[in-house]
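The structure appears right after this line, and notes come after that.
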Amino acid sequence: MFSALFGSVELGIIYAIMALGVYLSFRVLDFPDLTVDGSFVTGASVAAAMIVLGFNPVAATAASIAAGFAAGCMTGVLHTKGKINPLLSGILMMIALYSINLRIMGTTSETSIGIPNIPLLNSETIFTSISDFSKNIGIDAPLNSLFSSLGLGDSLPSGWGILLFMLIVTFFIKWLTDRFLKTETGLAIRATGDNQRMIRSFSANTDSLIILGLGLSNALVALSGALVAQYAKFSDIGMGIGMIIIGLASVIIGEAIFGTKTIARTTLAVIGGAVIYRIVISLSLQVEGLDTGDLKLITAVIVIFALIMPKMLEQRRQKKRKARRYKERMQDLHGVNGEGEAIAASKAD
């Protein structure tokens with residue numbers, strides 16, 4: 001069980017980068033960007049194709065970020081310059097990326113014909129290098145001995161290097177996101193999401209801000225896709241299906257549990273939501289009668305629950321507040337009546 005939960009946390013940290021990208025588009029820009037399902041695969045296919053062709057995994061990952069940024073900017077151009085509905089512009093880009101991703105993965109074949117997947121079983125990736133490095137410096141042994149002393153010796157993971165590395169990377173991206181959203185450009189992007197007319201009155205170019213915001217959002221999504229492909233040792237044309245739902249589930253769950261008082265707290269909530277989502281999925285699949293084919297149904301139920309529960313809790317809090325106010329008013333009323341009766345009695349005397 002511990003090994004399964006460890007894998008869920010490890011994968012959840014990687015998907016948290018994608019959830020941060022979804023947060024930028026859906027919450028900050030208030031833009032329903034469905035490009036995510038395509039740009040996630042774009043990041044995976046670019047990284048996998050370049051690794052198979054002999055490029056350095058770090059360079060391949062950087063190229064996937066650039067590809068995701070270009071895809072997001074194109075969606076922004078379709079909306080701002082082409083005056084296409086936000087939802088439709090994302091759908092159009094997602095459809096176009098399906099063929100583009102096939103072509104990208106097809107560069108690894110001799111005929112350059114689009115292929116649906118690329119295996120990375122015998123290829124060196126970022127994570128193979130990290131695993132080798134952690135074994136060489138001896139990180140795994142102390143941590144394994146610590147958890148063995150806690151009675152978890154039978155289900156320890158093979159290595160801790162990937163989790164520690166991804167924690168550093170993800171929280172560094174979170175820190176960069178927090179800092180960016182507090183800059184002049186970041187504040188302008190946030191204002192564009194809140195009220196475009198208002199920010200235009202200050203002579204801000206909202207078209208450029210939307211394009212930049214969507215580019216950064218999909219760059220993070222593509223980075224997550226590249227890391228997932230290297231973690232899972234394959235890239236597949238269908239691995240992005242439903243990715244927008246996973247991202248939204250992570251954002252909604254995190255906001256419902258951790259709150260959204262500040263930018264730093266919200267981005268931390270998004271990361272926590274991604275990890276919690278993966279843990280819930282892992283535990284759900286342990287239930288007898290459920291298998292991997294039920295994954296999408298489980299995801300839908302989690303999202304529905306995450307959407308309904310905050311509203312139910314808020315309604316309950318409002319009822320309690322109303323009941324408390326009513327009680328205070330009744331007490332004040334009784335106090336006033338008591339004082340009036342005492343004054344009347346004193347006058348009668």
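The values are calculated or read from the model by the stated rules, or taken from the named source; none is laboratory data. Values in this document were obtained by computation on a predicted structure and should not be read as measured data. Using ideal geometry, Cβ is built from the backbone for each residue, glycine included, and neighbour counts are taken over all protein chains shown. In case anyone asks, the SASA skips ligands and DNA or RNA and just uses the protein heavy atoms, side chains included. Shrake-Rupley method; radii C 1.70, N 1.55, O 1.52, S 1.80 Å.
Subtracting the Cα-Cα distance of D207 and K233 from their residue separation scaled by 0.36 nm leaves 5.5 nm. For the stretch 298-310, putting each phi into the Karplus relation 6.51 cos²θ - 1.76 cosθ + 1.60 with θ = phi - 60° gives couplings of 4, 4, 4, 5, 4, 5, 4, 4, 5, 6, 7, 4, x Hz, in residue order, rounded to whole numbers and with x for Gly and Pro.
Quick one: how many lysine pairs in the chain have C-alpha atoms under 20 angstrom apart, if they're 8 or more apart or on different chains? Lysine pairs meeting the criterion: 9. At the residue level, M239 shows approximately 30 square angstrom of accessible surface with a 1.4 angstrom probe and all protein chains present.
Considering only A229, S217, S201, the residue lying farthest towards the positive end of the dipole of the stretch 163-279 is S201, judged by Cα position with unit charges set on Cβ. A cut-off of 5 Å between modelled amide H atoms, ignoring neighbours fewer than 5 places along the same chain, links F234 with L120. Short-range pairs are left out: with C-alpha atoms under 8 Å and at least six residues apart, the relative contact order of the chain is 31 percent.
Applying 1/(1 + (r/R0)^6) with r as the Cβ-Cβ distance of K319 and R200 and R0 = 30 angstrom yields a FRET efficiency of 0.15.
With r as the distance between the Cβ atoms of N56 and L121 and R0 = 30 Å, compute the FRET efficiency 1/(1 + (r/R0)^6) and round to 0.05.
0.95
For the pair N136 and H334, a Förster radius of 51 Å applied to the C-beta separation gives a FRET efficiency near 0.10, rounded to the nearest 0.05. The list (i) 36, 24, 17; (ii) 30, 24, 18; (iii) 46, 29, 18 gives values of semi-axes √(5λ) of the Cα gyration tensor in Å, and only one came from this structure; which label was calculated from it? Structure-derived value, by its label: (iii).
In a simple Cβ point-charge model (Lys, Arg +1; Asp, Glu -1; nothing else charged), the stretch 200-349 has a dipole of about 420 debye relative to its Cα centre. Can you pull the percent of the chain's accessible area that's carbon plus sulfur, 1.4 Å probe, other chains left in place? Of the solvent-accessible surface of the chain, carbon and sulfur hold 63 percent.
Computed from backbone phi, the HN-Hα couplings of the stretch 130-137 come to 5, 4, 4, 5, 5, 5, 5, 8 Hz, rounded to whole numbers (Karplus: 6.51 cos²θ - 1.76 cosθ + 1.60, θ = phi - 60°; Gly and Pro given as x).
Relative contact order of the stretch 212-323: what whole-number percent is it, with Cα pairs under 8 angstrom and at least 6 residues apart? Reported relative contact order: 23 percent. Close amide-amide hydrogen proximity is noted between F31 and F26, each under 5 Å apart and 5 or more residues distant or on a separate chain (H modeled in the peptide plane; Pro and chain starts excluded).
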